[in-house]
Each structure stands twice: as C-alpha cells, then as structure tokens.
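Structure record follows, encoded as structure tokens.
The values are calculated or read from the model by the stated rules, or taken from the named source; none is laboratory data. Computed from a predicted structure; not experimentally measured. Cβ placement follows ideal geometry from the backbone for every residue including glycine, while neighbour counts extend to all protein chains displayed.
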Amino acid sequence: LSATLYLFTGLGYGVTINLLNGAGETKQALKAYLAYLTVFAAAAPILTWQHSIPGLIAANLTAYLTLTLYAFHLARRKFNIKINLKEQARIYLASALSTLPTLAFLNLSTLPNLPNLIIGATLCLFTYLTLTPILKAISPQDLQNLKQIFERIKIIWPIAKPILNYEQKILQNFKSPNQS
C-alpha cells in the first residue's frame, strides 16, 4: 500500500516541493507541508481507528497527495509548469501492463520466495523496458539524454548501455509511418 506513493511522481511528488525550495520559495513549500500536516492530522486518527495500519497508510497517502497537488499548483502558478498528461498516461500504462506477466508468473509458480522475487522482478523490468518504447513512453531524445548522463558514471554505464541500446532498437522497429 505504501508503494502507491510513488505513483504520485507523475504529478510532481518529490520534485515540485524541491523546486520551490531550490528557487527560494520556501514560504510556498512550507504552505504545502502545512497542507500535508493538516490533512494527515485530521485523517490519521479516524482512519487508523477504523482500519488500523492500512488506515494510517491511507491517511499518509491522502496527505502526500494533497501536498503534491498543492505544491504543483504553487509551482504551476509561479513557474508556469505543466504536466503532459498524455505522456504520463503512457508511462503509467507501461507500468501497469508490465505487472501482468509478473502476476501471472507468480500465480502459477511453485518456486520458493527468493527465486520468485528474482524472476518476477526481472520479468517485470524486461516487460517494462520493452513496453516503454513501444508505447512511446520514452523518446529518442530521452534515450540520448540518458546516454549522456549514464556514460559519465563509469560504474553504471556497463549496465545502462545495453538497456539503452535495447530500447533504441525497439524504438527504431516501432517508428510511426511519418517518421524517417
């Protein structure tokens, strides 16, 4: 349930609040944190009493969603930031679809937990890396930017290079007819 928090990343979770702080808009960031605190303080006792730990987690998620949306609102107003909902939807779709083979494997597997974890995570990652270029959730420019970042990090580059090459090949195979 707590992992749901990372779905808010597409709405600016973890980014917009740091943008506000980094741009010297600490008063605005404080307002966003106060919105979080207000929602959490109101929801946590009620939801925890009714649903125990899942209720507390739900209160935290609700408060973080409030913080994220409010911080995005402030950043949009101050810096004219926008979210490309079409691209976000593609990323979320690739993520959701990549879990399906993993769930099917885990439901059919009779292996112990550790091999299930390793195989399931590998299957999910492979499926996600395959679907992101097919669904156009990643662009050639994105891959070029990632290449420029990762080739400077010597310890990561040997792992990142084949992944980026794999995604580049898929992008080339799934070009739109109007692309050259």
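When you go through Pro54, Pro45 one by one, which is the residue that is within 23 Å of the chain's Cα centre (by Cα), in a helix (DSSP H, G or I) and exposed (fewer than 14 other Cβ atoms within 10 Å of the Cβ)?
Working: Pro45 fails: within 23 Å of the chain's Cα centre (by Cα).
After ruling out the rest, the residue left standing is Pro54.
So, in region 6-37, of the ones that are hydroxyl-bearing (Ser, Thr, Tyr) and surrounded by 13 or more Cβ atoms within 10 Å (Cβ to Cβ), which residue ends up nearest to Ala89 (Cα to Cα)? Let's see the steps before the verdict.
Going residue by residue through region 6-37, those that are hydroxyl-bearing (Ser, Thr, Tyr) are 6, 9, 13, 16, 26, 33, 36.
Next cut, surrounded by 13 or more Cβ atoms within 10 Å (Cβ to Cβ) only: 9, 13, 16, 33, 36.
Values: Thr9: 12, Tyr13: 16, Thr16: 19, Tyr33: 27, Tyr36: 25 Å.
Checked region 6-37; the qualifying residue nearest to Ala89 (Cα to Cα) is Thr9.
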**Asked** Any chance region 154-169 includes a residue that's small (Gly, Ala, Ser) and out of contact with any helix residue (DSSP H, G or I) (no Cβ under 8 Å at 6 or more places or on another chain)?
**Response** no
**Prompt:** Across region 1-39, what is the number of residues that are basic (Lys, Arg) and without any contact (Cβ under 8 Å) to a residue 40 or more places away in the chain?
**Reply:** 1
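Got a sec? Which of Gln141, Gln168, Gln148 is touching a Leu at 6+ places or on another chain (Cβ under 6 Å), without any contact (Cβ under 8 Å) to a residue 60 or more places away in the chain, not in a loop (DSSP other than H, G, I, E, B) and not assigned by TED's automatic domain parsing to the domain that holds Thr9? Don't jump to the end; show me each part of the working.
Numbers: Gln141 fails: touching a Leu at 6+ places or on another chain (Cβ under 6 Å); Gln148 fails: touching a Leu at 6+ places or on another chain (Cβ under 6 Å).
One residue alone meets the criteria, Gln168.
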**Asked** How many residues does region 124-153 hold that are of a type outside the set (Lys, Arg) and in contact with a helix residue (DSSP H, G or I) (Cβ under 7 Å, 6 or more places away or on another chain)?
**Response** 17
**Message:** I need the full set of residues from region 72-117 which are in contact (Cβ under 8 Å) with a residue 60 or more places away in the chain and either assigned to a helix (DSSP H, G or I) or more than 30 Å from Ala29 (Cβ to Cβ) (or both), in order please.
**Reply:** Phe72, Ala75, Phe79, Gln88, Ile91, Tyr92
**Message:** With the structure loaded, tell me whether Ala160 is at pLDDT below 95, under 30 Å from Leu19 (Cβ atoms) and small (Gly, Ala, Ser) or whether it fails that test.
**Reply:** no
